Amino acid sequence: MWPYKLCNQDNVQKMRPYILAETNYKEIQETRFDVAILPWGATEAHNYHMPYGTDNMQVEHVAAEAAGQAWEKGAKVLVLPVVPFGVNTGQREVPFCMNMNPSTQAAVLDDLLDVLDHHSIRKLVVLNGHGGNNFKPILREAGYRWPEMVITLCNWFEVAPLEDFFEEPGDHADEMESSAMMHLRPELVMPLSQAGDGSTHPFNIQALRDGWAWKERDWLQATDDTGSGNPHKATADKGARFLSAVSEKLAGFFVEFAQIDPDDLYE
């Protein structure tokens with residue numbers, strides 16, 4: 001007996017043709033894709049109550065949800081597998097925060113652009129799910145090296161205004177991220193009673209505190225529990241409403257990007 005079940009029609013119907021990891025060679029051969037979507041996350045600590053894979057789970061979810069809505073509107077988009085490692089240079093001393101240097105990100109992106117260009121997909125959305133990833137200089141260089149490609153960047157967590165959904169938004173393992181994970185993967189979220197308060201320690205230099213000068217934060221000195229922002233007002237309902245709003249807005253972007261002629265990007 002074969003150690004697996006034969007595929008049936010129900011299984012085929014559940015396959016999402018816009019998710020590369022789920023689709024197959026037959027579907028790929030029969031479809032002309034216009035846009036590739038590359039979710040890019042990170043593997044890092046998220047306070048005491050959330051999993052290290054939080055960023056990856058969130059960005060994968062919104063990529064798939066938005067792509068599904070765009071697909072239903074006729075946009076031929078293809079979601080690539082998430083890149084699960086991001087820039088975590090400031091978290092060197094936090095166990096198993098898996099760092100990928102910006103130069104490595106640039107090399108990975110260059111290889112993927114080579115594949116996409118070879119197969120005539122010349123529109124790419126880098127969908128970022130981690131605040132430490134700074135893709136703008138990387139995409140500037142990539143655009144110079146690949147002038148036929150139209151490369152865009154979107155931080156999914158900036159798509160919808162946080163203040164419309166959350167009382168105390170922060171920037172890491174905060175009310176927003178906790179709410180999102182309580183909705184997406186509640187079995188991986190510890191009770192909020194076990195979470196730290198996400199308090200942070202600002203710099204002693206005024207220019208750095210004001211933000212017009214910059215230095216990377218040493219995460220163990222800048223935070224008490226690796227969180228930055230109070231998670232204790234998080235709810236699954238807030239997460240569901242926020243993720244829904246983000247996915248719907250992203251879907252509109254994907255549709256518009258798929259339809260646009262690269263020679264018609266400007267008025």
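Restricting attention to the range 72-90, which residues are within 19 Å of the chain's Cα centre (by Cα) and part of a helix (DSSP H, G or I)? Quick ask: steps written out before the conclusion?
Kept after step one, since they are within 19 Å of the chain's Cα centre (by Cα), are these residues of the range 72-90: 77-89.
Listed by number, the list holds a single entry, Thr89.
Quick check: is even one residue across the range 135-157 part of a loop (DSSP other than H, G, I, E, B), of a type in the set (Gly, Ala, Ser) and surrounded by fewer than 21 Cβ atoms within 10 Å (Cβ to Cβ)? Lay out the reasoning, then the answer.
Of all residues in the range 135-157, those part of a loop (DSSP other than H, G, I, E, B) come to 135, 146-149.
Now narrow it down to the ones that are of a type in the set (Gly, Ala, Ser): none.
No; the residues of the range 135-157 include none that is part of a loop (DSSP other than H, G, I, E, B), of a type in the set (Gly, Ala, Ser) and surrounded by fewer than 21 Cβ atoms within 10 Å (Cβ to Cβ).
Pick out the one residue from Pro137, Pro169, Pro161 that is touching a residue at least 40 places away in the same chain (Cβ under 8 Å), out of contact with any Gly (no Cβ under 6 Å at 6 or more places or on another chain) and not hydrophobic (A, V, I, L, M, F, W, C).
Every option except Pro169 fails the conditions.
Here are Ala207, Ala195: which of them is touching a helix residue (DSSP H, G or I) at 6+ places or on another chain (Cβ under 8 Å) and among the aliphatic types (A, V, I, L, M)?
Of the residues listed, the single one that is touching a helix residue (DSSP H, G or I) at 6+ places or on another chain (Cβ under 8 Å) and among the aliphatic types (A, V, I, L, M) is Ala195.
Can you give me the number of residues within the range 208-254 that are without any contact (Cβ under 8 Å) to a residue 60 or more places away in the chain, exposed (fewer than 15 other Cβ atoms within 10 Å of the Cβ) and of a type in the set (A, V, I, L, M, F, W, C)?
Number of matching residues: 4.
Can you tell me which residue within the range 16-45, out of those that are of a type outside the set (Phe, Trp, Tyr) and in contact with a Gly (Cβ under 7 Å, 6 or more places away or on another chain), is surrounded by the fewest Cβ atoms within 10 Å (Cβ to Cβ)?
If we filter the range 16-45 for residues that are of a type outside the set (Phe, Trp, Tyr), which is where we start, we get 16-17, 19-24, 26-32, 34-39, 41-45.
Filter once more, so that each one left must be in contact with a Gly (Cβ under 7 Å, 6 or more places away or on another chain): 16, 39, 41-43.
Details: Arg16: 16, Pro39: 26, Gly41: 24, Ala42: 28, Thr43: 20.
Only one residue fits best here, namely Arg16.
Quick one: in the range 98-122, which of the residues that are open to solvent by less than 20 Å² (accessible area, probe 1.4 Å) and in contact with a helix residue (DSSP H, G or I) (Cβ under 7 Å, 6 or more places away or on another chain) is nearest to Glu256 (Cα to Cα)?
Among residues in the range 98-122 that are open to solvent by less than 20 Å² (accessible area, probe 1.4 Å) and in contact with a helix residue (DSSP H, G or I) (Cβ under 7 Å, 6 or more places away or on another chain), the one nearest to Glu256 (Cα to Cα) is Leu113.
Would you say Met190 is open to solvent by 70 Å² or more (accessible area, probe 1.4 Å), touching a Phe, Trp or Tyr at 6+ places or on another chain (Cβ under 8 Å) and touching a residue at least 24 places away in the same chain (Cβ under 8 Å)? Outline the logic, then answer.
Numbers: open to solvent by 70 Å² or more (accessible area, probe 1.4 Å): yes; touching a Phe, Trp or Tyr at 6+ places or on another chain (Cβ under 8 Å): yes; touching a residue at least 24 places away in the same chain (Cβ under 8 Å): yes.
Yes.
Rundown of residues vs (1) closer than 30 Å to Val189 by Cα; (2) acidic (Asp, Glu), yes/no style:
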| residue | (1), (2) |
| --- | --- |
| His46 | yes, no |
| Asp55 | yes, yes |
| Val62 | yes, no |
| Arg92 | yes, no |
| Lys123 | no, no |
| Asn133 | yes, no |
| Arg145 | no, no |
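The values are calculated or read from the model by the stated rules, or taken from the named source; none is laboratory data. For clarity, every value in this text was computed on a predicted model and none was experimentally measured. Heads up, the Cβs are rebuilt from the backbone with ideal geometry, glycines too, and the neighbour counts pull from every protein chain shown. The area values use the complete protein model at the heavy-atom level, side chains included, leaving out ligands, DNA and RNA. Shrake-Rupley method; radii C 1.70, N 1.55, O 1.52, S 1.80 Å.
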